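None of the figures in this text is laboratory data; all of them are computed from the coordinates on show. Just so it is clear, the model here is predicted, and its values are computed rather than measured. Ideal geometry is used to build each Cβ from the backbone, glycine not excepted, and the neighbour counts take in all protein chains shown.
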Amino acid sequence: MEDKVGVLFGEVDGSITDRTKWVASVFETMPGYEGEIRTDMDAWHKTHVALLFPSLGPALYAAGTDNFRFSRTRDLLVLAIRAIREGFQVLHVLDVPIVPVKMKIFEWIPEPLLVLFLRRFITHPAMKIALVGHANAARSEVHHLTDEFLMLARRTSIPTPAIDQLYPCLDPETPLVPEGSKEIPLRWSGLLAWLFGVVILISLLLRLTRRREDDAKEK
């Protein structure tokens, strides 16, 4: 079966119009592509702006647009994660849902574990085009969308210290962050509670499994 490239689209207000249906029909005739109408396109775009532009984008520039150098510089990983979280907090206050739901891992998972995850994620071969290539080709776009997001942030009272610290890195004249820098302490709060929750969940699952096995033996 042929793998198809999914293309998401939709109206800003979430409605499904004749125009939307026409675009979907066009994708149906295009080999290798598959259109998906979304009714939450505005939230989808704002989530991805928060994920990429005031956070991962400037952090990558601070590493010389080198994703491997980025992965080796813990301070940039920490700042990027905190900036993403600040951006998501802004969206929550503005009643903009985080979509898709899987993006909420940046809110749920403790910072030390996210650092490990992000370090591996940004060195994936696909990031050469998806992250590095786009950052090199569209620095002005990254700057513009970051400014637009900051306009949204100013409508709230959410503090954005990580975003503010990364913002100057959008300027190519800003010095790079030293490779391997790890002066920013990790926030370990929440990790023990998270691990405790995992242990409790595993314990409950084991008890449920044993109960089912006992019931099966009795039958």
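Data table
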{"quantity": "Under 5 Å, built H, 5+ apart or other chain: amide partners of residue 33", "calculated": "5"}
{"quantity": "Cβ-based charge dipole, the chain, positive-most Cα from 109, 8, 29", "calculated": "109"}
{"quantity": "By average C-beta atoms within 10 angstrom, highest first, the peptides 163-170, 108-115", "calculated": "163-170, 108-115"}
{"quantity": "Ranked 171, 40, 18, criterion: other C-beta atoms within 10 Å, fewest first", "calculated": "18, 171, 40"}
{"quantity": "Three-way shape label, segment 40-95, alpha-carbon gyration tensor, a/c 1.5", "calculated": "prolate"}
{"quantity": "At least 30 Å along the helix axis (C-alpha) and Kyte average at least 0.0, DSSP helices within the chain", "calculated": "191-218"}
{"quantity": "Correct option for mean projected area of the Cα convex hull in nm² [calculated from the coordinates] among [x] 12.0; [y] 13.6; [z] 17.7", "calculated": "[z]"}
{"quantity": "Among 62, 76, 99 - extreme Cα towards positive end, dipole of the chain, charges at beta-carbon", "calculated": "76"}
{"quantity": "Of 104, 182, 21, the one that fluctuates the most in a GNM where the chain has Cα springs shorter than 10 Å", "calculated": "21"}
